[in-house]
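Student: Structure provided below as structure tokens; questions to follow.
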Amino acid sequence: MIVLSNSEAWPGIDETATMLDDGANGLDAIIHGIEKVEAEPRIRSVGYGGWPNLLGEMEFDGAVMDGDSRLTGAVGAVKDHFHVTRIARKVMEQLNHEILVGEGATRFAYEMGFRCDNPLLDDSKAVWWKKLQEITGEASPDLSSCDLAPLNTMITDPEKVRDTTVFLTKDSNDSIYSATSTSGWAWKYPGRLGDSPIAGAGFYADSRYGAAACTHTGEMTIRANTSYSIVMAMRLGYSLQQAVDLAIAELVSLKGGFLGGVVIHAIDNKDNHRVVNVGCEGDIKYWLYKSGMEKPQECIAEKY
Ligand code: ASP
């Protein structure tokens, strides 16, 4: 048994680990942990504490993957609800589809009994407004009729205002799962999806080989299909170490577009793990718990 998650997981990792120790299904355990992260306003990149888009609206993305069946469920640009991982699981279990976005995803969440979370915190609104004044140079910016694209490209330092929570596990039945949840890139263009709801880019799981999930620059992992490439490399006989090396080589060979940092989290089916910080500033932390450990440990990612 193993669970690997990123630094934002602190509100939920202990309960996830306890559930896994008690023999819970891996997907139940990681969704339970993610819900704690989503509800914690001090986590400024996921759920209730997340940041809005350019128009000051929250838009959440999340996903789950069952590595036994390789079914996925994902939702993107969901405005009213921040427990998106749980909604994504409903997509996987109730629909013949893998991804829902925008109005359709919101409608589906209400149909499944989710209540509106009123997710824009006063503090998030105040920071967004200040940022908007800064980038437009106006005291009362009115975005109702202006083009948003130029504003989007003026936001030069998105690295500091995004992250995701990602959880990967192999449970006591040797089933492997992955799950993600995020409010995405702060002040993003409305409707922008990052990698968190895109299977193969922000997450992947295959109980035969392992799982991977990424945080930070989704624009890069979408282009390089990073999570799938790691699992596919293990299928082709590469070790976890080599598989992650291959994925890093692909990321750093990208040319043009928005290039920034990426953090890769990966496990194989033998309870090995690897977390690599590819180009993010400072130390990046993550959480690890395996059978036999007393409690989840906070560790520092390798730097590429
Ligand atoms: N990868 C996420 C996205 O692109 C954000 C992040 O993890 O920083 O939406």
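Student: Roughly how tilted is helix 84-94, in degrees to the nearest 10 and between 0 and 90, from the longest Cα axis of the chain?
Tutor: Computed tilt is about 60 degrees.
Student: Here's another thing I want to ask about it. Mind checking the stretch 1-107 for trypsin sites (Lys or Arg not before Pro) that DSSP puts in a loop (not H, G, I, E or B) and that have at most 15 other Cβ atoms within 10 Å?
Tutor: Taking the stretch 1-107 and a limit of 15 other Cβ atoms within 10 Å, the loop trypsin sites (Lys or Arg not before Pro) found are Arg42, Arg70.
Student: If you don't mind, another one. For the chain, max minus min Cα coordinate along each principal axis, in Å, sorted largest first?
Tutor: Projected onto the principal axes, the Cα atoms of the chain cover 57, 44, 37 Å.
Student: Express in whole angstrom the spacing between the alpha-carbon centres of the stretch 257-278 and the stretch 1-70.
Tutor: Between the Cα centres of the stretch 257-278 and the stretch 1-70 lies a distance of 17 Å.
Student: Then there is this: Which length gain, in nm to one decimal place, applies between Arg70 and Leu143 when the Cα-Cα distance is subtracted from 0.36 nm times their residue separation?
Tutor: Length difference between fully extended and current span is 22.1 nm.
Student: Heavy atoms only, probe 1.4 Å: what % of the accessible area of the chain goes to carbon and sulfur, would you let me know?
Tutor: Taking all protein chains in place, the chain shows 48 percent carbon and sulfur surface.
Student: Please list the three semi-axes, largest first and in whole Å, of the ellipsoid equivalent to the stretch 68-163, using sqrt of 5 times the eigenvalues of its alpha carbon gyration tensor.
Tutor: Result for the stretch 68-163: semi-axes of 33, 15, 13 Å.
Student: Strictly over 22 Å apart at the Cα level, which of Lys79/Lys255; Lys36/Lys79; Lys36/Lys295 would you flag in this model?
Tutor: Over 22 Å Cα-Cα: Lys79/Lys255.
Student: Which of these, Gly47, Gly237, Gly102, has the largest mean-square fluctuation under a Gaussian network model of the chain (Cα springs below 10 Å)?
Tutor: The residue with the greatest mean-square fluctuation here is Gly237.
Student: Here is a follow-up. What GluC sites (Glu not before Pro) does the stretch 251-304 have in DSSP loop regions with at most 15 other beta carbons within 10 Å?
Tutor: Glu281, Glu294
Student: If you build a Gaussian network model of the chain, linking Cα atoms that sit under 10 Å apart, which residue out of Asp21, Asp283, Asp68 swings the most?
Tutor: For the chain, modelled as a Gaussian network with Cα springs under 10 Å, the answer is Asp283.
Student: Also: Please determine, in degrees from 0 to 90 and to the nearest 10, the orientation of helix 122-136 with respect to the longest principal axis defined by the Cα atoms of the chain, where the helix direction is its Cα long axis.
Tutor: Helix 122-136 sits roughly 60 degrees off the main axis of the chain.
Student: Sticking with this structure for a sec: Take the alpha carbon gyration tensor of the stretch 1-100, find the square roots of its eigenvalues, order them as a ≥ b ≥ c, and report rounded if a/c is under 1.5; if not, report prolate when a/b exceeds b/c, else oblate.
Tutor: oblate
Student: Measuring from label point to label point, each 7 Å out along Cα→Cβ, what is the Arg208 to Glu298 span in nm?
Tutor: 3.9
Student: Kindly provide the GluC sites (Glu not before Pro) of the stretch 97-167 that DSSP labels as loop, not H, G, I, E or B, and whose Cβ sees at most 15 other Cβ atoms within 10 Å.
Tutor: Sites meeting the loop and neighbour criteria: Glu138.
Student: Another question about this same structure. How many angstrom separate the Cα center of the stretch 192-245 from the Cα center of the stretch 89-149?
Tutor: Cα centroid of the stretch 192-245 versus Cα centroid of the stretch 89-149: 26 Å apart.
Student: Take every Cα pair under 8 Å in the stretch 152-278 that's 6+ residues apart, average their separations, divide by the length, and report that relative contact order as a whole percent.
Tutor: 22
Student: Between 0 and 90 degrees, rounded to the nearest ten: what's the tilt of helix 240-252 against the longest Cα principal axis of the chain?
Tutor: On a 0 to 90 degree scale, this one is about 20.
Student: For the stretch 220-242, list residues with backbone N below 16 Å from a point placed 7 Å from the Cα of Asp271 toward its Cβ?
Tutor: Inside the label zone: nothing.
Student: Per DSSP H run of n ≥ 4, the term is -39500 (n - 2.57); total these for the chain, divide by its residue number, and report the mean residue ellipticity at 222 nm rounded to 500 deg cm²/dmol.
Tutor: The helix-only estimate for the chain comes to -9000 deg cm²/dmol at 222 nm.
Student: What lysines does Lys131 reach when the alpha-carbon gap must be under 17 Å and sequence neighbours fewer than 8 apart in one chain are set aside?
Tutor: Partners within reach: Lys160, Lys188.
The values are calculated or read from the model by the stated rules, or taken from the named source; none is laboratory data. Nothing here was measured: the structure is a model prediction, and the numbers come from that model. Because the Cβ atoms are built from the backbone with ideal geometry, glycine has one as well, and the counts that use them run over all protein chains shown. The accessibility values were calculated without ligands, DNA or RNA, using every heavy atom of the protein model including side chains. Shrake-Rupley method; radii C 1.70, N 1.55, O 1.52, S 1.80 Å.
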